[in-house]
Amino acid sequence: MPADFSATRWERAYRRIVRTAFLRVPFYRDQWVSAGRALAEPEPTPSAALTGQLHRLCPFAQPFDASREPSLWIDEGRELRDALSLVGAPSRTPVLEVRAATLDRRVLPRGVLPAWIGPRYGVLLSPGAKVLDEGRRRALNAEALRIAAEAGRATLIGERAALDALLPELDGIEVNTVERMTAAHAVLSKRAGVVHDPHLGYFAASATTCGRIHLLWRHFHAHPAGRALTVTALRRTRPTLVNVIPDDSGSLITAVCPEHGAPIVSTH
Ligand SMILES: [Zn+2]
């Protein structure tokens with residue numbers, strides 16, 4: 001567990017991204033316009049309301065161009081890497097992520113922890129993924145299955161139902177499954193796993209040492225706004241995500257882990 005969390009530095013990083021959002025990003029700038037005054041911080045926005053907003057969530061100076069670049073909702077893998085480190089996934093085991101579409105990525109990015117040399121990475125299409133037929137799905141999954149077979153082991157990440165459906169395809173391979181859940185599901189079920197939102201990506205995970213849902217604080221800030229939990233991406237500006245209410249986050253709050261002194265997501 002990272003021991004060097006500093007609440008002061010964390011708040012400073014949040015204020016910095018809030019400033020950037022209001023000065024440079026249309027989505028947030030427009031909130032000042034509709035309010036008719038300068039707001040102290042962006043209004044909480046439900047994650048679902050961000051669909052179709054990529055062009056407004058990028059800075060004026062670096063606009064999003066759908067004809068020239070892939071969707072910015074595709075993460076770079078750093079958050080997944082840190083989430084896996086929190087849940088104690090073996091660091092050199094190939095990572096297979098269940099996704100709705102395939103992705104041209106061969107390794108996860110190298111981490112700050114020395115043990116992370118960037119494991120091999122592959123995508124397994126979820127049972128509900130839109131493909132021509134079963135043959136095409138198998139062909140697209142073949143590369144990821146080959147990586148796992150070669151190593152004889154794999155860490156498989158996906159929703160419970162997808163994990164159950166795909167496990168038979170990894171027969172004979174030592175598989176460490178990591179369940180992907182919404183924030184409320186993770187906190188209430190007390191099951192080990194990683195927390196994901198369609199727009200924020202991976203933003204928290206259960207820590208292997210204490211079982212609590214730790215926020216990936218190097219990447220995200222979180223605080224309660226009214227009855228909602230809002231999450232802010234600290235390291236990204238394309239898209240700039242400030243005060244986003246994750247899907248299915250119910251009435252969760254943030255707290256400090258009594259064991260680790262770092263921020264966690266919890267219930268009242
Ligand atoms: Zn903890």
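Check Glu79, Glu69 and return the single one that is surrounded by 13 or more Cβ atoms within 10 Å (Cβ to Cβ) and under 22 Å from His219 (Cβ atoms).
Only one candidate passes the filter, namely Glu79.
Name the one entry in Ala38, Ala83, Ala48, Ala21 that is in contact (Cβ under 8 Å) with a residue 12 or more places away in the chain, under 23 Å from Pro224 (Cα atoms) and assigned to a loop (DSSP other than H, G, I, E, B).
Going through Ala38, Ala83, Ala48, Ala21 in turn, the sole match is Ala38.
Inspect region 173-191 for any residue being over 20 Å from Ser47 (Cα atoms), in contact with a Pro (Cβ under 9 Å, 6 or more places away or on another chain), at pLDDT 95 or above and not β-branched (Val, Ile, Thr) and give the result as yes or no.
Yes, because at least one residue in region 173-191 is over 20 Å from Ser47 (Cα atoms), in contact with a Pro (Cβ under 9 Å, 6 or more places away or on another chain), at pLDDT 95 or above and not β-branched (Val, Ile, Thr).
Here is a yes/no grid of residues against (1) surrounded by 16 or more Cβ atoms within 10 Å (Cβ to Cβ); (2) within 16 Å of the ligand (Cβ to nearest atom):
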{"site": "Leu163", "(1), (2)": "yes, no"}
{"site": "Leu167", "(1), (2)": "no, no"}
{"site": "Thr182", "(1), (2)": "yes, no"}
{"site": "Asp197", "(1), (2)": "yes, no"}
{"site": "Ser206", "(1), (2)": "yes, yes"}
{"site": "Gly211", "(1), (2)": "no, yes"}
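Any chance region 240-247 includes a residue that's in contact with a strand residue (DSSP E or B) (Cβ under 6 Å, 6 or more places away or on another chain), of a type in the set (S, T, N, Q), more than 16 Å from the ligand (Cβ to nearest atom) and in the same structural domain as Leu39 (by TED's automatic domain parsing)?
Yes, there is a match, as at least one residue in region 240-247 is in contact with a strand residue (DSSP E or B) (Cβ under 6 Å, 6 or more places away or on another chain), of a type in the set (S, T, N, Q), more than 16 Å from the ligand (Cβ to nearest atom) and in the same structural domain as Leu39 (by TED's automatic domain parsing).
For region 95-103, indicate whether the set of residues that are in a loop (DSSP other than H, G, I, E, B), assigned by TED's automatic domain parsing to the domain that holds Ile173 and closer than 19 Å to Arg238 by Cβ is non-empty.
yes
I'm checking my understanding of the structure. Among residues of region 224-234 that are touching a residue at least 60 places away in the same chain (Cβ under 8 Å) and not aliphatic (A, V, I, L, M), which one is surrounded by the fewest Cβ atoms within 10 Å (Cβ to Cβ)?
Of everything passing the filter in region 224-234, Gly226 is surrounded by the fewest Cβ atoms within 10 Å (Cβ to Cβ).
Being touching a residue at least 12 places away in the same chain (Cβ under 8 Å) and closer than 20 Å to Ser249 by Cβ: is that true of Ala184 here?
Spelling it out, Ala184 is indeed touching a residue at least 12 places away in the same chain (Cβ under 8 Å) and closer than 20 Å to Ser249 by Cβ.
Please determine whether any residue of region 24-35 is farther than 30 Å from Tyr121 by Cα and among the β-branched types (Val, Ile, Thr).
Within region 24-35, one or more residues are farther than 30 Å from Tyr121 by Cα and among the β-branched types (Val, Ile, Thr).
The values are calculated or read from the model by the stated rules, or taken from the named source; none is laboratory data. Predicted model only: the values in this text are computed from it and were never measured. Glycine also receives a Cβ, built like all others from the backbone with ideal geometry; neighbour counts cover every protein chain displayed.
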